[in-house]
1. Quick check of the Kirkwood formula: for the chain, what is the inverse mean of 1/r over all pairs of different Cα atoms, in Å?
2. Could you give the dipole magnitude of the chain about its Cα centre, charging the beta-carbon of Lys and Arg +1 and that of Asp and Glu -1, in debye to the nearest 20?
3. Quantify how much of the Cα-Cα distance distribution of region 145-351 extends past 26 Å, in percent.
4. Under DSSP H, which helices of the chain have Cα atoms covering 18 Å or more of the helix axis and a Kyte-Doolittle average no less than 0.0?
5. Excluding ligands and nucleic acids, what accessible area in Å² is computed for Lys155 using a 1.4 Å probe, to the nearest 10?
6. Which residue, Asn66, Asn130, Asn81, tops the fluctuation ranking in a GNM of the chain built on C-alpha contacts under 10 Å?
7. Given 20 °C and 1.002 mPa s, compute D for region 7-138 with the Stokes-Einstein relation, Rh being the Kirkwood radius over Cα pairs; round to the nearest whole µm²/s.
8. What's the magnitude of the charge dipole for region 7-138 around its Cα centre, counting Lys and Arg as +1 and Asp and Glu as -1 at the beta-carbon? Answer in Debye, nearest 20.
Amino acid sequence: MSRIKTIEWKENAAVIVDQTLLPLELHYERIENVESMYDAIKILKVRGAPAIGIAAAYGLYLAIRNFPDDRSVDRFLEFLNEKAAYLASSRPTAVNLFWALERMKRRANQIIANGISVREAKALLLDEANEILEEDRRTGKAIGEAGLKLLKGKKTILTHCNAGGLATAEYGTALAPVYVAAEQGTLFHVYADETRPLLQGARITAFELSKAGIPVTLICDNMSAAVMASGKIDAVIVGADRITRNGDTANKIGTYGLSLIAKAHGVPFFVAAPFSTFDLSLSSGKEIPIEERDPSEITCGFGKQTAPSGIDVFNPAFDVTPSHLISAFITDKGVILPPYEKNLSDVLRKQE
Ligand code: MRU
């Protein structure tokens, strides 16, 4: 199945879909320097935790690619660390951003320790960014396959925000089982929450599913309780921006409410995410930094003023769903059931 290419490296630039223009325009933008990549992440031209990680890796390569070949490797590493810190300041919540930058820094140190020149190091760092993208593609497919087994017998799911192809390299996370099922000839019906204030559900999830020929029904955020009460929904699946050691999960604002509604109606609530979204350095969701965005996203969304001028606004972009409300994690290393702290560390130990 050919999906939209969220991000790719092409003719010496990172090419991204400018997601601020969706659903009206599918516009591919060439990003040729680190400042443009920083802005693209900050203003959500590229968004969704895994896609942000891939974008940051390419952003770091764009930063170092013109570093003079004849300067010292120490100066090169110093410059790379400075630029990584700059990119890391673009958004605070999705851990994939920091994960990808740390991975690029680790690779740079490894390369330089092997006595490789600055010129060759730059080429190898582009390879690493490409590998992060390719890995995400494989990861998405693995999540899809694991999720599909878990969803056996279920036909209708509800999702929030966009954790589809446009949030990753290809398959998405929450929508990966839907795409894998479609490849095998089975169509799920997806209910998509609009996802105020930036409407990632309406603008992006509804767009990519309908483009792929998957039945999708759009609802406002405040309709999900009524829809679940009507018995239409077999499972809720969402993505994640950061998952802590105990399974607490930060995701798009509104996810926590959805998990409570699912619990109240006996609907299973699944979180789909790659292991790069797990931040095992944090013990609970209380430690996750939550991004707050500009009040105008609420008072003047998409250019139309809908609230009194000067009104006080609170605009957190994410919330934390406590792990006891999550029925299972669907990951690239399989399905993880409670108790999460123990089962997560068991999965990781098996990989070592
Ligand atoms: O603010 P956004 O659009 O970057 O938020 C995206 C989400 O919350 C997604 O659900 C999450 O990043 C997972 S994407 C696979």
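1. Every distinct Cα pair counted, the radius reaches 20.6 Å.
2. Around 800 debye, computed over the chain.
3. 32
4. Helices meeting the criterion: 49-64, 73-88.
5. Counting only protein heavy atoms, the figure is 140 Å².
6. In the Gaussian network model the winner is Asn66.
7. It comes out at roughly 145 µm²/s.
8. Magnitude of the dipole: close to 280 debye.
The values are calculated or read from the model by the stated rules, or taken from the named source; none is laboratory data. Remember, it's a predicted structure, so these values are computed and weren't measured experimentally. Positions of Cβ are backbone-derived with ideal geometry, glycine not excepted, and every protein chain shown enters the neighbour counts. Calculation scope for accessible area: heavy atoms of the full protein, side chains included, ligands and nucleic acids excluded. Shrake-Rupley method; radii C 1.70, N 1.55, O 1.52, S 1.80 Å.
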